[in-house]
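Okay, so here's the structure we're looking at.
The values are calculated or read from the model by the stated rules, or taken from the named source; none is laboratory data. Being a predicted model, the structure only gives us computed values, none of them experimental. Methodologically, a virtual Cβ is constructed for each residue, glycine included, from the backbone with ideal geometry; neighbour enumeration extends over all protein chains shown. Protein only, heavy atoms only, side chains kept; ligands, DNA and RNA dropped before computing areas. Shrake-Rupley method; radii C 1.70, N 1.55, O 1.52, S 1.80 Å.
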Amino acid sequence: QVQLVESGGGVVQPGGSLRLSCAASRSISSIMGWYRQAPGKERELVATITRGRNTNYADSVKGRFTISRDNALNTVYLQMNGLKPEDTAVYYCNAVTYIGSGRYDYWGQGTQVTVSS
């Protein structure tokens, strides 16, 4: 089992910045990432990062968001700059582990990000 604890959400004005953090209870050998879910919408990928720090971003956040990872602290970060009202959502941390041929996804409790003037 892996527990993920997120922090860093809040309310910010358009154009502002926030930094999300997610600490895992143990080392994650595979992918960590961030997803978000806005009211009435499906959960969508925001960004992922491998243990070797290869990254992948949704087109909607490219150039504004940066995902990073500290393997020694089992922590993944999401630096969000140039926030827009459409970025308003609950942001969820995700960690993937593999045991044998099985893939296991773990999720944090979610942290609310609200972009509003």
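For segment 41-117, the relative contact order comes to 20 percent (Cα pairs under 8 Å, sequence separation of at least 6). For segment 7-96, trypsin sites (Lys or Arg not before Pro) are listed when DSSP marks them as loop and at most 13 other Cβ atoms sit within 10 Å of their Cβ; the list is R26, K41, R51, R53, K62.
Seen from E86, the other residues with C-beta closer than 11 Å to its C-beta sum to a net charge of +2, counting Lys and Arg as +1 and Asp and Glu as -1.
Taking only protein heavy atoms and a 1.4 Å probe, the accessible area of the chain is 48% carbon and sulfur. Spin-label model, S30/Q13: points 7 Å from Cα along the beta carbon direction are separated by 4.3 nm. Structure remark: mean-square fluctuation, Gaussian network model of the chain, C-alpha springs under 10 Å; the largest value among G102, G82, G52 belongs to G102.
The gain in end-to-end length when the R53 to T66 segment is fully stretched comes to 3.5 nm, 0.36 nm per residue minus the alpha carbon separation. Label sites at Q3 and K41, each approximated as a point 7 angstrom past Cα along Cα to Cβ, lie 3.1 nm apart.
Entry comment: accessible area of the chain is 52 Å² per residue, from protein heavy atoms only and a probe of 1.4 Å.
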